[in-house]
Amino acid sequence: MGKGQKKNNGGKKLPVNKRNELNGLIDTLISHGFKQTANLSEQWTQYVEIRSLLDRVQSIESELKVKSASKNRAACIDAFYLWAGENGAQFDGVKITDFAGYGMGLEATKDFDDGAVFIQIPKKMFMDLDNVSPAIAPMCEMPMIQSMSNIKLAFSLLVEKLNPNSFWKPYIDILPDKYSTVMNFSINEMQELKGSSALPNALNMCKNIARQYSFIRKYIDNIKEDGFDSTLLVLKEKFSFDLYW
C-alpha cells in the first residue's frame, strides 16, 4: 500500500468523550513540562501531579491495546542465533543465559586472554541512525525529533517492533518488555529516594519523558492520515505512553 492510500486495520478507536479527555490530559502534561519549580518540595508536588495524569492516560489508552500472548524471550534465543549467524555475526566462547534474579546476559564458556575478541557484529546488523526506517520520515519533521537523535532512533525501533516482517525481528524478540527505571516506579517507590541526591534527577527524568510523550502524541494526532504510509498508520493507531516508554 502506497502513501496516501487508506487502510482499515480494524484498530480500536476511542469514543469522543475519551478522546477529548485524553487531549485535555496531554495539554496539561505539556503545561507541566514547561513549568519551572523553585525547590525540591515543588518538584515533588509536580511529579505527583504528572504521575496521576499519566496513570489516567494509561487507563484510557489501555482500550487501544491489541492483546497478544506473553513473550517467552528464552524461546527466542535459537532464532536470534540463527539470524545473527546468517547475517555474519560471530560468537566465540560466549552464550546468552538467563541469570536468576538478573535477567539475560552473556555467559563465558571458556577463559579469555586480555584483549580477546569474542563477538563480531557486521555494520548491517546495527540499528542506528544510518539505517532508520524510512517510514518515520514524516515524524522526522518534528523539531523535537530533529534535535534529539535518541528519539529518532526510538521511533525507528517502534516501527520495526510493529512490523512482523522486520529484518530485526529476531533481535527485537529477545529484548525485555520493560526495564527497571524510575519511570516504572510507583509514588511510594519513588519516596524511597527522598533524602538522596538521586531524587531530583529522577523527578526531572520523569518530567522530561512525560513531556516528550505528550508532544509526540499531539503531533501524531494532528497529522492527517494521508501524510502517513501504511506502516506509520499502524504506529499512529497503536502509539501510547506504554509503547513509547
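The values are calculated or read from the model by the stated rules, or taken from the named source; none is laboratory data. Worth saying up front: this structure is predicted, and the values here are computed from it rather than measured. Positions of Cβ are generated from backbone atoms using ideal geometry, with glycine treated the same way; all protein chains shown enter the neighbour counts. The area values use the complete protein model at the heavy-atom level, side chains included, leaving out ligands, DNA and RNA. Shrake-Rupley method; radii C 1.70, N 1.55, O 1.52, S 1.80 Å.
In the condition set (1) assigned to a loop (DSSP other than H, G, I, E, B); (2) in contact with a Leu (Cβ under 8 Å, 6 or more places away or on another chain); (3) more than 23 Å from ASP55 (Cβ to Cβ), LYS152 is compliant with all but (1).
Quick check: anything in the stretch 65-72 part of a helix (DSSP H, G or I), under 22 Å from LEU243 (Cα atoms), in contact (Cβ under 8 Å) with a residue 60 or more places away in the chain and of a type in the set (A, V, I, L, M, F, W, C)? Within the stretch 65-72, not a single residue is part of a helix (DSSP H, G or I), under 22 Å from LEU243 (Cα atoms), in contact (Cβ under 8 Å) with a residue 60 or more places away in the chain and of a type in the set (A, V, I, L, M, F, W, C).
Given the criteria touching a Leu at 6+ places or on another chain (Cβ under 9 Å), of a type outside the set (A, V, I, L, M), within 30 Å of ILE223 (Cβ to Cβ) and open to solvent by 70 Å² or more (accessible area, probe 1.4 Å), does LYS178 qualify? Judged against the criteria, LYS178 is not a match.
Here the stretch 222-245 is the region considered, the condition is being charged (D, E, K, R) and closer than 18 Å to ALA154 by Cα, and the residue that is least open to solvent (accessible area, probe 1.4 Å) is LYS236.
Residue by residue through the stretch 11-53, note down the ones that are more than 17 Å from LEU193 (Cα to Cα) and either in contact with a strand residue (DSSP E or B) (Cβ under 7 Å, 6 or more places away or on another chain) or of a type in the set (Gly, Ala, Ser) (or both). Full working, then the answer.
Quick first cut of the stretch 11-53, residues more than 17 Å from LEU193 (Cα to Cα) only: 11-38, 49-50, 52-53.
Correct list: GLY11, GLY24, SER31, GLY33, ALA38, SER52.
The set of residues in the stretch 129-144 being in a helix (DSSP H, G or I), touching a residue at least 60 places away in the same chain (Cβ under 8 Å) and closer than 21 Å to ILE209 by Cα consists of ILE136, MET139, MET144.
If I filter the stretch 42-96 down to residues being at pLDDT 90 or above and among the hydroxyl-bearing types (Ser, Thr, Tyr), which single residue comes out as nearest to ASN17 (Cα to Cα)? The extreme case among them is SER59. Note on the stretch 74-90: among residues that are touching a helix residue (DSSP H, G or I) at 6+ places or on another chain (Cβ under 8 Å) and of a type in the set (A, V, I, L, M), the one that is nearest to ILE121 (Cα to Cα) is ALA89. Give the residues of the stretch 166-211 that are part of a loop (DSSP other than H, G, I, E, B), free of Cβ contacts under 8 Å to residues at least 40 places away in the same chain, in contact with a helix residue (DSSP H, G or I) (Cβ under 6 Å, 6 or more places away or on another chain) and closer than 17 Å to PHE155 by Cα, sorted by residue number. Hit for the stretch 166-211 is SER166, nothing else.
Of the residues making up the stretch 75-87, none is part of a helix (DSSP H, G or I), of a type in the set (Gly, Ala, Ser), without any contact (Cβ under 8 Å) to a residue 12 or more places away in the chain and more than 24 Å from PHE167 (Cα to Cα).
In the stretch 99-132, the residue that is nearest to ILE151 (Cα to Cα) out of those that are among the acidic types (Asp, Glu) and modelled with pLDDT under 90 is ASP128.
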